[in-house]
1. For region A:69-119 and region A:189-244, what is the separation of their C-alpha centers, rounded to whole Å?
2. Could you give the semi-axes, largest first, of the ellipsoid that matches region A:120-167, computed as the square roots of 5 times the alpha carbon gyration tensor eigenvalues and rounded to whole Å?
3. What's the angle, to the nearest 10 degrees (0 to 90), between helix A:46-58's Cα axis and the longest principal axis of chain A?
4. Sorted from largest down, give the three principal axis spans of the alpha carbons of region A:208-271, whole angstrom values.
5. Could you give the angle, 0 to 90 degrees to the nearest 10, between helix A:79-91's Cα long axis and the longest principal axis of the Cα atoms of chain A?
6. Only Cα pairs within less than 10 Å get springs; with that Gaussian network setup on chain A, which residue of A:Asp91, A:Asp139, A:Asp228 has the largest fluctuation?
7. Springs between alpha-carbon atoms under 10 Å, Gaussian network over chain A: tell me which of A:Gly194, A:Gly94, A:Gly107 tops the mean-square fluctuations.
8. How would A:Glu233, B:Glu110, A:Glu39, A:Glu77 rank on accessible area, largest to smallest, probe 1.4 Å?
Amino acid sequence: MNTTTRLALGAALLLLATGSLAQTDTTDDAESLRMTALEALITAPPARAMPIVDKVLSGNHSAKLKERALFILSQMETPESQSRLLAFANDSQGELQTEAIRMIGIGGDKDALASLGEIYRGGNADVRDAVLEAYLIADDTAAVFNIAANTQDEEEFSEAVTMLGAMGANAELRELRNRAGLSESLIEALAISGDPESINELVDIYRNAETDEIRNSALEGLMIAGHDEGLLELYRGAGSAADKRQILQYLVMMDSEAVWDLIDNAFEGTQ
Amino acid sequence: MRTFKFNALAVLGLALLWSAPANSAPSIDTSDGWYKWQVEGAATTLFLYQENNKPTHIRIISPDCRITWHGRKRINGEITDMGTLSLDDSVAMLLDIVREKDLGKDVREEALFGLAQSDSDTAFEYFDQILFAQKK
């Protein structure tokens, strides 16, 4: 290839490169302007904003823009906007559906939240997760309790109970314990809930456990809750060397200062 | 000769008509600082901060304004009161700001939020245009 040809080719490539960059900038600017325009509609009168948001949702737009449109819908607080959101939660699929479900949680409309129960029952794992998240966002502990109380599926129960723990729903967790007895997921949820009374109770759950699973779950719960005092208490009262070793392992995993007290005391011959 | 003069005036008139921008926005004084005006027929006051003859901040005070003030430029110092402007003029000013690509992104966004709060057909036609114009 001679110099002239190489220069011509180089110039052509440069032209193509800068041309495509300029195009990208313009496209990004346009998308950014579209996004801001959509976000601005949050301050618009709902009657003005609704037809535009509706058109975005039914049009050929990016998923990101549609997700933002769902958020605007959730903030409108009109019966039309809630019913549109619910229609998306019911009829759409994939990310748009789960996002619509979450947005119902953010909007917090009681009727729309109540309708999520049916969507949960008919949905796949992603939909069920999104419904639980919506209830978490809306702090609807009663709805999550209903799911946990009425399911026969162990995994569903476990997920609902874990969510109750994250919501700090101690009364609901106690009620479930009274109804269904202790389970590993319930013990974990009690630990996650951060309720001091429930966490202290884990010590007794360990002591009175009838199975190894429950006993191990109680130790894990104490570790999750960071309750090294409770583990130390159990260590001191442990009946066998194997139990002591297991409890000590949890204290080590917690990186607890209490381990050093035990080591110091062991050297002094007091433990 | 008279016909020639008439034709020349007609051409000049048409030329002037074409050159005048439709719905041209009212102009603001060139001095730096805050300007404010009341939107006619609405309980809304617009505040506009100008620096080097360019708008840099817009604040809209209305009964149902939901914009937070945290971390944003405060309205203080001397404020030039421009009295009352019509909704059409206010919308035209905000549209000019949104369309001016040389201005800062923040002020253009603030202008868009201002347009969304107006009850103006022109403003919402513009939203329609931004969101649904054919993508190139």
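The values are calculated or read from the model by the stated rules, or taken from the named source; none is laboratory data. Predicted model only: the values in this text are computed from it and were never measured. Backbone-built Cβ (ideal geometry, glycine too); neighbour counts: all protein chains shown. Remember, those area values only see protein heavy atoms, side chains included, never the ligands or the DNA or RNA. Shrake-Rupley method; radii C 1.70, N 1.55, O 1.52, S 1.80 Å.
1. 41
2. Semi-axes (√(5λ), whole Å): 14, 13, 9.
3. Tilt relative to chain A: about 90 degrees.
4. 35, 23, 14
5. The two axes meet at around 80 degrees.
6. A:Asp91
7. Evaluated over chain A, the most mobile residue of the options is A:Gly94.
8. If we order A:Glu233, B:Glu110, A:Glu39, A:Glu77 from most to least accessible, we get A:Glu77, A:Glu233, A:Glu39, B:Glu110.
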